[in-house]
Amino acid sequence: MNGPQLIALPVLSIEAVPACAVLHLSDYDREVPITGYAWMYRSGMSNGDEGWTLIDTGMNDPKPVNADRPARRQWHSHSLVEAMAQHGVAPGDVNRVILTHLHLDHCGGLELFPHARWYVPAIEWQFARDPANADLAREPLYSRSVLDRMAAHGVELLADGDCPALGLRVRHVGGHTPGSIALELLNHEGQVRLVLAGDVAPLYDNLRREIPPGTLWHWGECRLALSRWSSAPYPVLPNHDSRLLADFPDGVILNG
C-alpha cells in the first residue's frame with residue numbers, strides 16, 4: 001500500500017427522522033433517512049504503518065435510545081465486526097479508537113476493542129464526567145455505563161492540533177457537543193486532503209446550506225465550522241448522510 005486508506009462502515013440507520021432534527025430550524029415538512037458510520041483509517045505512509053485506526057464505533061444495542069420512538073424513527077444497529085470483516089479487518093487489527101464525541105451512537109461499541117488505545121476529546125470527557133453536568137449529559141445519550149467502562153480502561157485525551165495517528169489531525173469544533181471534534185486527513189506535505197466533519201455536519205445539506213445540526217450545544221460554533229468548510233479546497237464528509245454510500249457504494253473513500 002502506498003497512501004492512506006479510509007473506509008466508511010455503515011453501522012446504524014434510521015428509516016425516517018424529521019429533517020429539522022438534523023437541519024436546525026429548517027425543513028419541517030419532510031423526513032430524511034440517516035446512516036451512522038464508523039470509519040477505518042490507515043496512513044500507508046512510508047515511515048511506518050501504525051495499523052488501523054477506528055473513528056467512532058456505532059452502538060451494539062440501540063434499545064436504550066429507542067424507547068418511545070415510533071418504528072420509522074428507531075435506530076437499527078448493524079454489526080461493526082461484520083462490516084470490518086468485509087474489508088479483511090478484525091477487531092484485533094485496530095490499534096486505536098478515536099471518538100469524535102461521546103454520544104452513545106458514536107461510542108457504544110468500544111468494548112469490541114479492549115486491547116486498543118481509546119482517544120477522547122479532552123473537553124468532551126471533562127464535560128461528560130463532571131457530576132455538575134449530570135442534568136446536561138443525560139442518559140441515554142450519554143451512557144454512564146459506557147463512560148465508566150472507558151474510565152476503567154483508560155483514555156487518552158485529545159486537544160486541538162493533536163495527531164493521534166500518522167496523517168490524522170484533530171480539530172476542535174464544538175458546536176454539536178461541547179467537545180466535538182473533526183478529523184483532518186493530511187498528505188505527505190502536511191496539507192489537508194480531506195475532513196471528517198463529525199456531527200457538526202450530519203448531512204451534505206448541512207455543508208451545502210451552512211445549516212447547523214438540529215441537536216446542538218452552541219449554534220455559533222457550528223456556524224463557524226460550516227462557514228470555514230464552505231470554501232475549503234478539499235472534500236468534507238458528513239457523518240450521517242445515507243447518500244455517502246451512493247457516491248462510495250463499497251464504503252471505500254481512499255485506497256492509497
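Numbers for the structure displayed
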quantity	calculated
Residue in region 142-159 that is surrounded by 13 or more Cβ atoms within 10 Å (Cβ to Cβ), among the basic types (K, R) and without any contact (Cβ under 8 Å) to a residue 12 or more places away in the chain present	yes
Breaking point among (1) closer than 23 Å to D247 by Cα; (2) buried (at least 21 other Cβ atoms within 10 Å of the Cβ), for V192	(2)
Unique match (being free of Cβ contacts under 8 Å to residues at least 40 places away in the same chain, in contact with a strand residue (DSSP E or B) (Cβ under 7 Å, 6 or more places away or on another chain) and buried (at least 18 other Cβ atoms within 10 Å of the Cβ)) among W125, W52, W118, W75	W118
Only one of A85, A8 that is loosely packed, with under 15 Cβ neighbours inside 10 Å, of a type in the set (G, A, S) and modelled with pLDDT of 95 or more	A85
Count - residues of region 88-115 that are assigned to a helix (DSSP H, G or I) and open to solvent by 50 Å² or more (accessible area, probe 1.4 Å)	4
Tally, over region 229-247, of residues that are in contact (Cβ under 8 Å) with a residue 24 or more places away in the chain and either open to solvent by 60 Å² or more (accessible area, probe 1.4 Å) or under 17 Å from P202 (Cα atoms) (or both)	12
Residue check, G220 under 22 Å from E124 (Cβ atoms), open to solvent by less than 40 Å² (accessible area, probe 1.4 Å) and either in contact (Cβ under 8 Å) with a residue 60 or more places away in the chain or in contact with a Phe, Trp or Tyr (Cβ under 8 Å, 6 or more places away or on another chain) (or both)	no
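The values are calculated or read from the model by the stated rules, or taken from the named source; none is laboratory data. The shown structure was predicted, so the numbers you read here are calculated from the model rather than taken from an experiment. Virtual Cβ from ideal backbone geometry, glycine too; neighbours counted across all protein chains shown. Just the protein is used for accessible areas: all its heavy atoms, side chains included, with ligands, DNA and RNA removed. Shrake-Rupley method; radii C 1.70, N 1.55, O 1.52, S 1.80 Å.
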